[in-house]
Amino acid sequence: MGLVLRYTDLVRRIAIQTCGLFSGFTQLDDVIHEGILVLLSAVDKYDPEKEVKFEAYIAKRLRGMVIDLVRKQDWIPRRVRQKGHPG
């Protein structure tokens, strides 16, 4: 539990950064709540033998969680969005 408390500020910081990018989709408190759940899960899945710092590992997982959360709340299918963007 100490590890979770230690990284709660990181969860909050990433939630604030990413909510600014996806402000129309989700509330900050929802992102922080989901981030804490991701953090709890990541503690069990983290493998220190892969020589990746835990902070880097959890930051990547949290950013992925925000993208997944936004995708769940987006009512427009991804294929339609891709057709709408040239390039």
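The values are calculated or read from the model by the stated rules, or taken from the named source; none is laboratory data. It should be emphasised that the depicted structure is a prediction, and the values quoted were computed from it without experimental measurement. A quick note on method: Cβ atoms are made from the backbone with ideal geometry, for glycine too, and the neighbour counts reach across all protein chains shown. In case anyone asks, the SASA skips ligands and DNA or RNA and just uses the protein heavy atoms, side chains included. Shrake-Rupley method; radii C 1.70, N 1.55, O 1.52, S 1.80 Å.
Contact map, region 42-70: residues that are without any contact (Cβ under 8 Å) to a residue 12 or more places away in the chain and polar (S, T, N, Q) paired with residues that are in a loop (DSSP other than H, G, I, E, B) and open to solvent by 70 Å² or more (accessible area, probe 1.4 Å), Cβ distance under 9 Å, separation 6+ or inter-chain. No pairs are found.
For region 14-24, the condition holds for at least one residue, the condition being that it is of a type outside the set (Ser, Thr, Tyr), modelled with pLDDT under 80, farther than 15 Å from residue 63 by Cα and not in a helix (DSSP H, G or I).
Taking the residues in region 35-75 that are among the acidic types (Asp, Glu), part of a helix (DSSP H, G or I) and farther than 12 Å from residue 11 by Cα as candidates, determine which candidate is most open to solvent (accessible area, probe 1.4 Å). Walk me through how you get there before you give the answer.
Within region 35-75, the first condition is being among the acidic types (Asp, Glu), and the residues that meet it are 44, 47, 49, 51, 55, 68, 74.
This time we only want the ones that are part of a helix (DSSP H, G or I), so: 44, 49, 55, 68.
Now narrow it down to the ones that are farther than 12 Å from residue 11 by Cα: 44, 49, 68.
Working: 44: 132, 49: 159, 68: 81 Å².
Restricting to residues being among the acidic types (Asp, Glu), part of a helix (DSSP H, G or I) and farther than 12 Å from residue 11 by Cα, the top hit is 49.
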